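To keep things clear, I will list the structure first and then write my remarks on it.
The values are calculated or read from the model by the stated rules, or taken from the named source; none is laboratory data. Remember, predicted model here, so these are calculated numbers, not experimental data. Every residue, glycine among them, receives a Cβ derived from its backbone with ideal geometry; neighbour counts consider all protein chains shown.
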């Protein structure tokens, strides 16, 4: 079990400059149940909601986030979910590997 806060912390999300858009879902939060998103604050309880990030139906809250340097998003493979990011400054990829998230 994990939380979105733990996953974002694991990617060094900058809570001081960051913004998070969250989309409520009725069921599994895959990308097919589009709803209007809302910006949530760093003390929002959804960030601390415990969920199973293992294989099966995806349970990670549906979100996209950014901070001063990166854009963060959920990645899924066979129901297992985790968080990845891309740098906003693409010139970083002149020396860093181009991201290829997913499985």
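Brief remarks follow.
- Matching entry among 81, 91 (being at pLDDT below 90 and not in a loop (DSSP other than H, G, I, E, B)): 81
- Pairs meeting the criteria (first residue in segment 81-103 and more than 18 Å from residue 12 (Cα to Cα), second residue surrounded by fewer than 12 Cβ atoms within 10 Å (Cβ to Cβ), beta carbons under 9 Å, at least 6 apart or on different chains) are 103/78.
- Test: residue in segment 70-78 that is over 15 Å from the mean Cα position of the chain (by Cα) and free of Cβ contacts under 8 Å to residues at least 60 places away in the same chain: yes
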